[in-house]
Amino acid sequence: MKTSQKLLTICIIVGLVLICSWIAWMPKSGSRNSNERIIRIAVIPAEDQLAMLEKMKPMFQYIEEKTGCKVKPYIVGDYTAVIEALLNKKVDVALLGPFSYVSAHARDPNIVPFAVGVRADTGKTTYHSIIVVSKRAYEMGVKDLESLKKFAKNLTFAFVDPKSTSGYLIPKAALLKIGIDPEKDFKKVVFAGGHDAVEFAIKANQVDAGADADVTYNRLLREGKISDKENIIIWKSPPLPGSPWVYRNDLPEDIKEKIREAFYTMPSEYAQTYGKAIKFVPAKHEDYVAIEEAAKRLGLL
């Protein structure tokens with residue numbers, strides 16, 4: 001009886017925390033009514049979920065002001081969960097990686113990109129996949145892909161997520177090209193679940209090497225959370241199209257127009273609340289055809 005009472009108490013506390021977190025970011029001005037339109041937005045967590053909600057509050061509020069709709073955000077655990085939410089019409093708008101986007105679009109062509117961020121550090125919409133090794137692995141002699149191949153059987157390797165572009169699709173293709181089959185040739189392969197998690201695992205020597213995006217790597221360097229003396233880049237991909245914001249194309253036309261307008265006119269300080277984009281520009285499916293073709297070549301699409 002005491003155990004069940006404790007569980008009930010915990011559930012109530014968690015529920016109150018979640019309710020308070022929603023109330024905290026919602027605009028205080030204006031009245032809500034039952035006829036108000038809602039835009040449901042999903043993003044992948046790059047850090048603690050409540051911290052992300054707080055950071056993204058200005059972005060959500062700006063979208064509300066520009067569209068006249070209430071924004072209901074969802075911080076989802078992984079790429080697959082976002083895709084499923086879009087497919088099942090549980091969310092209307094989402095931020096996806098390039099590979100997760102083409103995976104979703106292949107299953108439902110109504111999922112289409114409309115915006116992509118321009119990076120603050122480069123002024124471009126593109127980014128790079130990277131392979132990073134620990135200081136210990138680097139000192140062992142792992143300094144490029146050829147030496148990674150040489151020592152593969154003694155190394156543990158971390159990917160981000162099976163639906164990640166820079167954290168799985170592109171680095172796996174690069175490894176296969178030089179004769180490394182990750183599932184067979186490495187001592188062990190794990191999926192860390194997030195870009196940050198890959199870097200932290202390398203830093204802590206929990207894995208010897210891993211795949212990531214240069215956007216995440218550079219951010220963690222700036223924040224002092226990793227060092228380029230401990231997390232050492234040994235490979236960088238050609239430029240990749242940036243992560244797209246997508247929506248369901250079967251949304252009402254006026255809502256889609258307002259969503260696009262909100263993103264294209266978003267002030268830099270609001271745009272930078274996720275991914276460090278200084279602004280958003282239009283995106284279209286054709287921008288991601290190369291990713292689509294790469295996934296098909298690997299039998300992943």
Item checked: Entirely in region 160-218, the helices (runs of 4 or more DSSP H) that have 1 or more residues that are within 24 Å of HIS105 (Cβ to Cβ) -> 170-177, 195-203
Margin query: Looking at (1) acidic (Asp, Glu); (2) under 24 Å from PHE191 (Cβ atoms); (3) assigned to a loop (DSSP other than H, G, I, E, B), which one does ASP250 not meet, given that it meets all the others?
Written below: (2)
Next item on the list: May I ask you to list pairs of residues, at least six apart or on different chains, whose Cβ atoms are under 9 Å apart, with the first in region 171-186 being in the same structural domain as VAL198 (by TED's automatic domain parsing) and basic (Lys, Arg) and the second being assigned to a helix (DSSP H, G or I) and surrounded by 16 or more Cβ atoms within 10 Å (Cβ to Cβ)?
Entry: LYS172/PRO182; LYS177/LEU145
Note to self: Can you go through ILE255, ILE259 and tell me which one is touching a residue at least 60 places away in the same chain (Cβ under 8 Å) and surrounded by 20 or more Cβ atoms within 10 Å (Cβ to Cβ)?
What the structure shows: ILE259
Note to self: Going through ALA152, ALA106, ALA94 one at a time, which residue ends up being of a type in the set (A, V, I, L, M, F, W, C) and surrounded by fewer than 16 Cβ atoms within 10 Å (Cβ to Cβ)?
What the structure shows: ALA106
Checklist line | Close pairs from region 115-135: first closer than 25 Å to ARG260 by Cβ, partner acidic (Asp, Glu), Cβ under 8 Å, at least 6 apart | finding: VAL116/ASP287; TYR127/ASP214
Margin query: Name the residue that is surrounded by the fewest Cβ atoms within 10 Å (Cβ to Cβ), counting only residues in region 113-128 that are aliphatic (A, V, I, L, M) and part of a strand (DSSP E or B).
Written below: VAL118
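The values are calculated or read from the model by the stated rules, or taken from the named source; none is laboratory data. As the structure is a prediction and not an experimental result, all values here were calculated from the model. Note that we place each Cβ from the backbone using ideal geometry, even for glycine, and neighbour counts take in every protein chain shown.
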